[in-house]
Amino acid sequence: MAVVGSDNKTTRYSTFVDRFVRYVRSPSTRMAAFAALLSYLSYAYAHGSWANPSLIGVSVFVGVFMPSYAKLSNKADLWASNLFGFVTAGRLGRFIPQYGFNLAVFGIMLWGGALNRDGIASVGGFASAALITTLASQGTQYLGMYLVARGVGDANRNVLVGLAVNIVLASFGTAGIPVAREAFLVVGFGFGAVLFGIGLLSDLRSKLAPQGGIGLFFGTFNPFHNTHLAMVRQAMDERGLDKVVIHPTLVPRIHAEAFRKGELRVGRMQSGFQVYETTDKADMNVDYFPSGRMFLPPETRKVLIELALAEAGLGNRVEVAFSSETYNKKGFQGVIAEIRKANPGARLHGLHGTDIGGMTVRQIYDECGWIYPWRILRRDTVSATAIRGGTKGMTSAVVTEVLEQLTANAPVVAAGGRRFRNDNGVLTEGD
């Protein structure tokens with residue numbers, strides 16, 4: 001129950017209580033608590049340290065701070081990816097702080113007598129144990145998200161299973177128990193080789209790509225702006241592309257799942273954009289809006305792309321795809337399969353930036369086989385977030401014209417020689 005002050009406003013105390021309740025109810029919090037409990041039980045059993053204070057302290061710390069730790073790892077990955085533009089850099093950006101964390105954890109537990117010293121020595125010492133654990137952890141997380149992208153399980157459950165397997169293997173492996181120790185070493189170094197090997201191959205393909213073929217350009221395009229146009233032109237020139245296929249995200253997968261669970265809703269319309277907001281069911285440890293919470297309807301984003309390309313004289317070399325049924329069932333992976341089927345034997349190049357959306361798309365390209373990435377480091381000041389906030393001069397003239405009419409809530413939008421009905425931001429051609 002909220003505590004109300006004399007000024008009829010909720011007090012800071014009640015706000016704190018509400019946040020604490022939401023934190024406790026969060027699936028991420030429960031996942032962290034489970035991982036902490038499993039960690040304590042596994043290490044206590046394998047190393048015979050049930051009452052060891054250092055093990056208890058580390059387990060409690062992991063249970064409380066794991067959600068925050070996961071967010072920081074994601075930010076480190078994004079920072080390194082955007083700075084260098086390489087998958088390997090992003091994975092190292094995530095790996096280094098995680099390895100530092102695991103190094104501290106094993107060091108504290110070894111110093112506190114929670115670990116079997118002979119067992120730790122059998123895997124190369126506590127630094128080696130931390131290294132192998134980090135590699136295995138990153139590999140299981142990557143595998144879990146790979147399965148989610150293909151409709152197997154959900155993010156929380158898959159990560160939880162991966163963490164559980166990794167914790168049990170690490171605890172028994174570092175105790176020097178035969179078979180468990182070998183499995184710990186194989187899984188750790190095996191996942192590490194695969195994870196960084198895939199990233200390195202992707203980076204090499206991006207630098208050693210041959211000329212010619214079809215460019216793929218996926219993203220939210222919310223809205224399509226000047227940098228998007230520049231990327232299309234530059235990629236076509238540098239790679240000698242025959243054409244580029246652009247496909248906008250419909251409802252981003254993270255949002256589609258959150259809408260299904262009742263964690264998100266459309267709160268209001270603003271300047272033609274749908275403004276998403278969280279509900280009481282939302283997980284407070286999840287960043288639902290890494291690229292903003294305002295979205296033009298996908299039909300409208302498609303129209304803006306078409307108008308911008310026609311105005312730029314690129315309409316005959318760039319195709320705007322809109323495979324809504326395929327996307328809703330199989331995501332961009334399904335769209336890529338359709339493009340391959342329609343263009344057998346064609347060389348595919350994947351265009352992307354180095355922001356969070358761009359690197360997410362890059363991962364999809366890498367997962368779908370031999371696609372040659374083409375990336376551009378985002379160093380300009382063009383920002384879709386700023387455009388949604390009303391900043392001018394970052395979109396082509398025709399896109400600016402449509403956005404102004406949407407902001408005025410015009411019932412009919414006319415631009416580029418075409419007319420559209422405006423139904424709460426959804427543009428449909430015709431009067």
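The table for this structure:
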read-out: When residues of segment 108-127 are limited to those that are β-branched (Val, Ile, Thr) and in a helix (DSSP H, G or I), the one nearest to ALA180 (Cα to Cα); value: ILE120
read-out: Cβ-Cβ under 9 Å pairs, at least 6 apart or on other chains, segment 225-251 side assigned by TED's automatic domain parsing to the domain that holds ASP380, far side polar (S, T, N, Q) and in a helix (DSSP H, G or I); value: LEU250/SER324; LEU250/ASN328; VAL251/ASN328
read-out: Matching entry among PHE217, PHE184 (being in contact with a strand residue (DSSP E or B) (Cβ under 9 Å, 6 or more places away or on another chain), surrounded by 17 or more Cβ atoms within 10 Å (Cβ to Cβ) and aromatic (Phe, Trp, Tyr)); value: PHE217
read-out: Residue satisfying condition, being outside any loop (DSSP other than H, G, I, E, B) and modelled with pLDDT under 95, within set VAL105, VAL152; value: VAL105
read-out: Set ILE356, ILE387, ILE339: member being within 29 Å of PHE84 (Cβ to Cβ), in contact with a helix residue (DSSP H, G or I) (Cβ under 7 Å, 6 or more places away or on another chain) and not assigned by TED's automatic domain parsing to the domain that holds ASN82; value: ILE356
read-out: When residues of segment 63-98 are limited to those that are closer than 25 Å to LEU204 by Cα and of a type in the set (Lys, Arg), the one modelled with the highest pLDDT; value: ARG91
read-out: Test: residue in segment 360-373 that is of a type outside the set (Val, Ile, Thr), loosely packed, with under 13 Cβ neighbours inside 10 Å and either farther than 21 Å from VAL244 by Cα or more than 28 Å from the chain's Cα centre (by Cα) (or both); value: no
read-out: Residue in segment 53-62 that is modelled with pLDDT under 90 and buried (at least 20 other Cβ atoms within 10 Å of the Cβ) present; value: yes
read-out: Candidate set: segment 294-342, residues that are within 18 Å of TYR365 (Cα to Cα) and charged (D, E, K, R); chosen: the one surrounded by the fewest Cβ atoms within 10 Å (Cβ to Cβ); value: LYS341
read-out: Search result, residues across segment 409-431 that are in contact with a Ser or Thr (Cβ under 7 Å, 6 or more places away or on another chain) and either loosely packed, with under 12 Cβ neighbours inside 10 Å or part of a loop (DSSP other than H, G, I, E, B) (or both); value: GLY425
read-out: So ALA235, is it among the aliphatic types (A, V, I, L, M), touching a strand residue (DSSP E or B) at 6+ places or on another chain (Cβ under 9 Å), modelled with pLDDT of 95 or more and farther than 30 Å from LEU304 by Cα; value: no
read-out: Residues of segment 173-192 that turn out to be part of a helix (DSSP H, G or I) and over 22 Å from the mean Cα position of the chain (by Cα), as a count; value: 12
read-out: Subset of segment 1-49 [more than 33 Å from the chain's Cα centre (by Cα), modelled with pLDDT of 75 or more and either closer than 17 Å to VAL105 by Cβ or aliphatic (A, V, I, L, M) (or both)]; value: ALA44, ALA46, HIS47, SER49
read-out: One residue from GLY190, GLY199 being more than 26 Å from TYR45 (Cβ to Cβ), modelled with pLDDT of 90 or more and not assigned by TED's automatic domain parsing to the domain that holds ALA256; value: GLY199
read-out: Residues of segment 24-77 satisfying the condition of being polar (S, T, N, Q) and outside any helix (DSSP H, G or I); value: SER26, SER49, ASN52
read-out: Check on THR381, in a strand (DSSP E or B) and surrounded by fewer than 21 Cβ atoms within 10 Å (Cβ to Cβ); value: no
read-out: Criterion violated by GLN363 - all others in (1) in contact with a strand residue (DSSP E or B) (Cβ under 6 Å, 6 or more places away or on another chain); (2) assigned to a helix (DSSP H, G or I) satisfied; value: (1)
read-out: Number of positions in segment 209-220 that are modelled with pLDDT of 95 or more and not in a strand (DSSP E or B); value: 5
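Condition check ((1) of a type in the set (Lys, Arg); (2) touching a residue at least 40 places away in the same chain (Cβ under 8 Å)) across all residues:
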position	(1), (2)
THR15	no, no
ARG25	yes, no
SER39	no, yes
PHE65	no, no
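Residue-by-condition table, conditions (1) farther than 25 Å from THR391 by Cβ; (2) over 24 Å from the mean Cα position of the chain (by Cα); (3) surrounded by 18 or more Cβ atoms within 10 Å (Cβ to Cβ):
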position	(1), (2), (3)
MET236	yes, yes, yes
ASP242	yes, yes, no
ILE246	no, no, yes
THR249	no, no, yes
LEU264	yes, no, yes
SER271	no, yes, no
GLN274	no, no, yes
LYS281	yes, no, no
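Conditions tested, residue by residue: (1) under 15 Å from ALA235 (Cα atoms); (2) touching a residue at least 60 places away in the same chain (Cβ under 8 Å); (3) hydroxyl-bearing (Ser, Thr, Tyr).
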{"site": "GLY350", "(1), (2), (3)": "yes, yes, no"}
{"site": "GLY353", "(1), (2), (3)": "yes, yes, no"}
{"site": "GLY357", "(1), (2), (3)": "no, yes, no"}
{"site": "VAL361", "(1), (2), (3)": "no, yes, no"}
{"site": "GLY369", "(1), (2), (3)": "no, no, no"}
{"site": "TYR372", "(1), (2), (3)": "yes, yes, yes"}
{"site": "THR381", "(1), (2), (3)": "no, no, yes"}
{"site": "ARG388", "(1), (2), (3)": "no, yes, no"}
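The values are calculated or read from the model by the stated rules, or taken from the named source; none is laboratory data. On a predicted model such as this, the values are computed, not experimentally measured, just so you know. Methodologically, a virtual Cβ is constructed for each residue, glycine included, from the backbone with ideal geometry; neighbour enumeration extends over all protein chains shown.
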